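Below: one structure, written as structure tokens.
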Amino acid sequence: MLTGSYRKRLEADLPRWVAEGWLSAENATAIRRSVAREQGGVRLPALLGLLGGLLIAASVAAFVAAGWEDIPRLVKLGMILATIAICIAYAFRLERQGSPRGADAAVTCGVLIFGAGLALVGQMYHLPADWPGGALLVALGGLIAAVLMRSNGALAIALIAICAWSGGRWEEARSGAHLGFFILYLPALWLSLSRDNRLVHHLVVLAAAAWLAMAPGYGLFDRFDYGLLAYGLALAVFYVALGALALDRSLPPVLTACLPWGLLGLVLVLNTELIRILDRDEARAGHAFRFVVLAYAVAIPVVACLAGLARERRFAWPLAAGLAFALLVPAVFWTGIVTAMAGKIIVASLVLLAATALVVAGAAGGIRRLVLAGSVLFGVAILILLWQTIGTLLDQSLFFLIAGAALLAIASGARRLFAHLNPPEKEAA
Amino acid sequence: MRALSADSLVAKVPLLWRALATALLLMLVLLALVEQRARILRGGAEIRLKTVPIDPRDLFRGDYVILAYPISTVEVDAASKTDFERGERVYVTLGRDEQGFAKATGATRDWPRVADGVVVIAGRVTSTSTCATNADGAFDCSGRRNRLRVAYGLESYFVPQGEGRAIETTDKARIEVVAAVSPFGEAAIKRLLIDGKPVYAEPPY
């Protein structure tokens, strides 16, 4: 679980481990030095180099866009080709000198200038403004550089370009899923499995999410269908379960990047469903279209895997329960009782239960993102309930009272259970 | 798992070769794009195109001029019963009007059988059942709506920054475009003329 706060946690743990005698002071210093080398200092020149490279690429792009005719077009093209060659040659030199991050920055700059070159050729020959076609070529160039020069920056550019290309073609065709996406996405995914760069991991996960979001087809977005909320919810649950399973079972680190995005989707969709059921005009019985069924057919087994295969059950079971509660929310809409008081009470209870389960799972597994997502879901849900009440304000007050009392009872039960399972050390001795 | 990792497979090739291959491949993509267009300009059949303003209020956008032509709307024979879809590739057979300008005589999904010397241009359907455009550039939606709107890749013309306004203020009827069409139907703008005099000419390179 290598997160940004790893170093802080290590700083808190190392003195304790040394005091306990599990680790010698020299070893602790060696660990600190190693982590500091990985995370700080050495990165700075490469980071500044990357920013400089981006500015140079932007300068080339603006130069191309100006369409300045005093320099013949072929000379401009030659200049761009030469700049690409210089960038790659410089990357080669930096890699040889033992600065892989600097080399990465140089390759990234080269790929961006390649993109400017594409714009120049488009301008020279008056190619139509087919930006998805341009994005496809940028993606190809990015992938070539990402494979051969092992560049993370080029891979990031390629992933963004793949999304732009696929999204553009999807929008043009105005039909179903764009399957061509996978021709470029699968190689990018394969590359990302051997990379430890978090930006690349997040982009890989987001690109898949973007494709999945577009898969049901243009028509459903054009005339908004509430089934899309259920589809989004099932996808978010799938992402959270996959990310949690990856964290627990040490699956490829790219999969752990699913967790934050899944949580974001979960919080957004559940709160939207809550607003919807409390709104008099919008609380309508929905239906599950083919993609909702497919998404549920994928999400439910993954949640079951999380519950069954996870090593740390104290964290996995509450999380799986929370995700199951979330999956039940659209099912309430499909039963058609949404317009009745019972439907409103069930959906509000399911949302609050899901939020509580997220907080419990986060606290048990020490994953702050889960605690944060659960707390935000809980807090916003209460605000929504106060704004658009179930029945009158008095009914709402009764709902909160019963929900609060139930939670307090569970808390008290849990405290007794934990006291029973983990007796204080003195008694144990 | 480690043996199948992309990076460890690639690392078996020396860095120098990889760097050379990267630079060459990126440059080749650009050069291939240039050559593909230059080939059309070098050897393609020339056609003359009258222009019609697509958007009379805003011909000039950014640093390129948006152009449309009478052949941008193609009448489809109702008897052919071919339902074209948006985004589909079509082959438009071109004839000449009395002034020598190209006019569309039909659209097919596959390469049509035509006599020698007849030019066929490839395009993509941007909308079906569109209105006709009359000589003034205004839409005429009175007749049957069995027309396709087709893009040929001739619709934007890049100009140096600041020079687009000059074309914009020119009366649209005076602008003429000469395009080259390859034997495979790909088209590229070769010259832009005002009152029959070349204003911009495009050499292959």
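The values are calculated or read from the model by the stated rules, or taken from the named source; none is laboratory data. This is a predicted model, so every value here is computed, not measured. FYI the Cβ positions are ideal-geometry reconstructions off the backbone, even for glycines, and counts take in every protein chain you see. When the accessible area is computed, the model is the full protein with side chains, heavy atoms only, and any ligands, DNA or RNA have been set aside. Shrake-Rupley method; radii C 1.70, N 1.55, O 1.52, S 1.80 Å.
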**Request:** For residue B:126, list long-range residues whose amide hydrogen, built 1.01 Å from N in the peptide plane, is under 5 Å from its own amide hydrogen.
**Result:** B:87, B:149, B:150, B:151
**Request:** Could you look at the protein assembly as shown and say what percent of its accessible area is carbon and sulfur, using a 1.4 Å probe and all protein chains?
**Result:** 65 percent
**Fill in**
Scalar couplings 3J(HN,Hα) for the range A:250-262 by Karplus 6.51 cos²θ - 1.76 cosθ + 1.60 (θ = phi - 60°), nearest whole Hz, x for Gly and Pro, are 6, 6, x, x, 4, 5, 5, 5, 5, 4, x, 6, x
**Prompt:** Between A and B, buried accessible area summed over both sides at probe 1.4 Å, in Å² to the nearest 100?
**Reply:** 3900 Å²
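Using a cut-off of 13 Å between beta-carbons, work out the net charge of the residues near residue A:8 (Lys and Arg +1, Asp and Glu -1, residue A:8 not included).
Working: positive: A:7, A:9, A:32, A:368; negative: A:11, A:13.
Taking every other residue near residue A:8 into account, the sum is +2.
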**Fill in**
Sorted by chain and number, the residues with a modelled amide H under 5 Å from that of residue B:65, at a separation of 5 or more or across chains, are B:157, B:158, B:159
**Prompt:** Can you give the accessible area of residue A:178 in Å² (nearest 10), computed on protein heavy atoms with a 1.4 Å probe?
**Reply:** 40 Å²
**Request:** Would you tell me the accessible area of residue A:124, worked out with a 1.4 angstrom probe on the heavy atoms of the protein chains, in Å² to the nearest 10?
**Result:** 0 Å²
**Request:** Taking only Cα atoms and a 10 Å spring cutoff, compute GNM fluctuations for chain A and point out the largest among A:30, A:326, A:146.
**Result:** A:30
**Message:** How shielded is B:30-36 by partner chains, expressed as the average number of their Cβ atoms within 10 Å of its Cβ atoms?
**Reply:** 5
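I want to verify the translational diffusion coefficient of the range A:121-246 in µm²/s; compute it with Stokes-Einstein, Rh as the Kirkwood radius over Cα pairs, at 20 °C and 1.002 mPa s.
Working: Rh = 15.7 Å.
For the chosen part, D equals 136 µm²/s.
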**Asked** Roughly how many nanometres apart are two label points built 7 Å out from the Cα toward the Cβ at residue A:298 and residue A:25?
**Response** 5.5 nm
**Prompt:** Per-residue accessible area for residue A:339 at 1.4 Å probe radius, Å² rounded to 10?
**Reply:** 100 Å²
**13 Å beta-carbon shell around residue A:338, net charge (K/R +1, D/E -1)** = 0
**Prompt:** Can you give the mean number of other chain Cβ atoms that lie within 10 Å of the Cβ atoms in peptide B:7-17?
**Reply:** 3
**Amide proton proximity set for residue B:106, modelled H, under 5 Å, gap of 5+** = B:93
**Asked** In whole Å, what is the distance between the alpha-carbon centres of the range A:47-107 and the range A:375-404?
**Response** 57 Å
**Charge context of residue A:22, other residues only, Cβ under 15 angstrom, K/R +1, D/E -1** = -2
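Tell me what chain A gives for mean residue ellipticity at 222 nm when only DSSP H runs of n ≥ 4 count, each as -39,500 (n - 2.57), the sum divided by the residue total, rounded to 500 deg cm²/dmol.
On the way: 19 runs with 347 residues, N = 429.
Only helices count here, giving -27500 deg cm²/dmol.
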**Message:** For a quick check of your reading of the filter: which trypsin sites (Lys or Arg not before Pro) in the range A:148-198 sit in a DSSP loop and have no more than 16 other Cβ atoms within 10 Å?
**Reply:** A:174
**Prompt:** Could you give me the ³J(HN,Hα) list for the range B:24-31, computed from phi with Karplus coefficients 6.51, -1.76, 1.60 and θ = phi - 60°, whole Hz, x at Gly and Pro?
**Reply:** 5, 5, 4, 5, 4, 4, 5, 5
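For B:195, B:116, A:248, what's the largest-to-smallest order of accessible area, 1.4 Å probe? Don't skip to the answer; put the middle values down first.
Values: B:195 85, B:116 155, A:248 15 Å².
So the residues, ranked largest to smallest area, are B:116, B:195, A:248.
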**Prompt:** Each residue of the range A:73-90 in order: what ³J(HN,Hα) in whole Hz does its phi give by Karplus 6.51 cos²θ - 1.76 cosθ + 1.60, θ = phi - 60°, with x for Gly and Pro?
**Reply:** 4, 5, 5, 4, 4, x, 4, 5, 4, 5, 5, 4, 4, 5, 4, 5, 5, 5
**Request:** Would you please state the base-10 log of I(q)/I(0) at q = 0.10, 0.13, 0.21 1/Å for the range A:193-336, with intensities from the Debye formula using one equal scatterer on every alpha carbon?
**Result:** -0.35, -0.58, -1.30
**Asked** Taking the C-alpha atoms of the protein assembly as shown, how large are the radius of gyration and the largest Cα-Cα span, Dmax, in Å?
**Response** 31.0, 108
**Request:** Sticking to Cα atoms, compute the Rg of the range A:369-410 to one decimal and its Dmax as the biggest Cα-Cα distance, whole number, in Å.
**Result:** 11.7, 35
